[in-house]
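Working notes for the structure below.
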Amino acid sequence: MRLHIRHETSYAYTAPARRAVETLRLTPGGHESQFVVKWRVGVDRDCILRATTDPFGNSTHNFTLEGPIESFAIVAEGVVETGESSGVLKGAVERFPPALYLRDTSLTEANGRLRRMAEATADGASDRITLLHQVMETIRANMRFEIDQTDTGTSAGEAMKLGHGVCQDFVHVFLAMTRHLDIPARYVGGYLLRDDGADEQAAGHAWAEAYVDDLGWIGFDPANGVSPTEAYVRAAVGLDYLGAAPVRGMRYGGEGETLSVRIHVNEVGRS
């Protein structure tokens, strides 16, 4: 499948900011079932985009804007070819051993309820893959997808208590449960070609990868209850959302920030 992706992020301020410093993780990497045909990242103000890789191996761009800054926009756009892999990641460069991804963060730490849920789900599982699918289904049975009810600082325990959230919340709960069961798991940020025909989205997508001996990293999308298909484009990984955030930064001064995100994902050759 050949997918065209355009990711626009715009900031505006009612009172100009003095400076903005941003880190972008907007560039997909290659592996056996994902080939980046072309990709570009740009900013609509004069600045130097410094390309590098972060500790997890994600392709990143960093830039600083000097004020006064009333607004600025970031655009990432390109074409990626994907193939079916049954959710198994092959050919990706790994900088760390799987055990690193047993590490908890403030967003993924399992509280008492999540630990009990994980242990109950694991009881009677015949193998690790079955267990991981059962964890995914347990989450879906206890949470519903609902936007504008959580934010990037909502932890796994808080999301489960609320009983709803967006894809990143489902992933944080999945990570909390699997890591409690001593299964390495990590956060994946990227893009999804929706199956409802809508190509414009207000946010990227997120899913998890868990490590299974003799198979390697396998993807699980607890928000949709599936393993990733060729409709998924993998852009960044981390211990949680903050480590894989597509755009993350800080500003100095300024008031009344407005953030707008528009993402288009469509199959090339189709409208």
>> Suppose each label sits 7 Å from its Cα in the direction of the beta carbon; what would the VAL261-ASP127 distance come out to in nanometres?
In response: 3.6 nm
>> Over all directions, the average projected area of the alpha-carbon convex hull for the chain comes to how many nm²?
In response: 14.3 nm²
> Using 7 Å Cα-to-Cβ label points, what is the GLU66/CYS47 separation (nm, one decimal)?
Replying inline: 1.4 nm
>> Around GLN201, under 9 Å between beta carbons, what's the net of Lys plus Arg minus Asp minus Glu among the other residues?
In response: 0
> Tally Lys and Arg at +1 and Asp and Glu at -1 over the other residues with C-beta under 13 Å from the C-beta of SER227: what net charge comes out?
Replying inline: -4
>> Please give me the summed charge of the neighbours of LEU65: other residues whose Cβ is under 12 Å from its Cβ, Lys and Arg +1, Asp and Glu -1.
In response: -1
> Going by average Cβ neighbours within 10 Å, how do the peptides 89-96, 111-118, 224-231 rank, with the highest at the top?
Replying inline: 224-231, 111-118, 89-96
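How high is the relative contact order of the range 85-244, in percent, with contacts defined as C-alpha pairs under 8 Å that are six or more residues apart?
Reported as a whole number, the value is 30 percent.
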>> So if I take the centroid of the Cα atoms in the range 105-161 and the same for the range 48-99, what is the distance between those two points in Å?
In response: 27 Å
> Based on Cβ point charges of +1 for Lys and Arg and -1 for Asp and Glu, what charge dipole magnitude is obtained for the range 85-244 about its Cα centre, in debye rounded to the nearest 20?
Replying inline: 360 debye
> Using the Cα atoms of the range 145-271 to build a convex hull, what is its mean projected area in square nanometres?
Replying inline: 9.8 nm²
> Which cross-chain or sequence-distant (5 or more) residues have an amide H under 5 Å from the amide H of VAL226, H modelled 1.01 Å from N in plane?
Replying inline: ASP221
>> I'd like to know which of LEU102, PHE72, PRO246 lies farthest towards the positive end of the charge dipole of the chain, counting +1 on Cβ of Lys and Arg and -1 on Cβ of Asp and Glu.
In response: PHE72
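A short reminder: the numbers here are calculations on the coordinates, not readings from a lab. This is a predicted model, so every value here is computed, not measured. Neighbour counts are summed over all protein chains in view; Cβ atoms, including those assigned to glycine, are modelled from backbone coordinates with ideal geometry.
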